[in-house]
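To start, the structure itself, in structure tokens.
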Amino acid sequence: MKVESAIFGIVSVFLAAAGILYWQWSGDPTGTTALTLAFGLTFLLWFYLFVTSRRLVGPRPEDRGDAEVADGAGELGFFSPHSWWPLIAAASAAVTMMGLFFGWWLTILGGGFLLYGALGFLFEYYKRGPSAHDRAVS
């Protein structure tokens, strides 16, 4: 992750310098805000990749120049199967935001469904019984 960290670090420094120069030369608040937000996003990615690369014990196969394709074989990690909870959470967040314009009752209703969607996300892998995710898939 050292290469990815370096790329995002360079982009962060560039966006910071471009934002400062743009602000000084144009005085446009919209472009300055956009460059500042872009700097913030790339800085967060750089920081995450930098800290993660420090935690790794050895270099990854992607970071070594003498690595073969077979060096990267094996389990990559756990990836979630399909889930309906993002749809429920997004729809309830939309209803909650519409409630800010159309009435407090809709905000309360959407907030309840949003809490339900958040709890569904949280406890998705804690199901018990025949629909549990930890059973062997045949």
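The values are calculated or read from the model by the stated rules, or taken from the named source; none is laboratory data. Just so it is clear, the model here is predicted, and its values are computed rather than measured. Note that we place each Cβ from the backbone using ideal geometry, even for glycine, and neighbour counts take in every protein chain shown. These accessible areas exclude ligands, DNA and RNA; they are computed on the full protein's heavy atoms, side chains included. Shrake-Rupley method; radii C 1.70, N 1.55, O 1.52, S 1.80 Å.
Note on Ile7 and Asp71: the model spin-label points, each 7 Å out from Cα along the C-beta direction, lie 1.8 nm apart. Stretched out straight at 0.36 nm per residue, the stretch from Ser26 to Leu122 would grow longer than its current Cα-Cα span by 29.9 nm. Here is the list for the range 76-105: chymotrypsin sites (Phe, Trp or Tyr not before Pro) lying in DSSP coil, each with at most 11 other C-beta atoms within 10 angstrom of its C-beta, are Phe78, Phe79, Trp84.
Grab the beta carbon distance between Arg55 and Phe78, set R0 = 25 Å, and tell me the FRET efficiency rounded to 0.05.
0.90
Loop-resident trypsin sites (Lys or Arg not before Pro) (DSSP state other than H, G, I, E or B) in the range 48-99 with no more than 12 further Cβ atoms inside 10 Å of their Cβ: Arg64. A quarter of the convex hull surface defined by the alpha-carbon atoms of the range 72-119 gives 4.4 nm² as the mean projection. The Rg/Rh ratio for the chain, using Cα coordinates for both the radius of gyration and the Kirkwood hydrodynamic radius, is 1.13. The dipole here belongs to the chain: it is taken about the Cα centre, uses +1 on the Cβ of Lys and Arg and -1 on the Cβ of Asp and Glu, and is about 440 debye. Among complete DSSP H helices in the chain, those whose alpha-carbon atoms stretch at least 15 Å along the helix's long axis and whose mean Kyte-Doolittle hydropathy reaches 1.6 are 85-102.
Accessible surface area normalised per residue over the chain is 80 Å², counting heavy atoms of protein chains with a 1.4 Å rolling probe.
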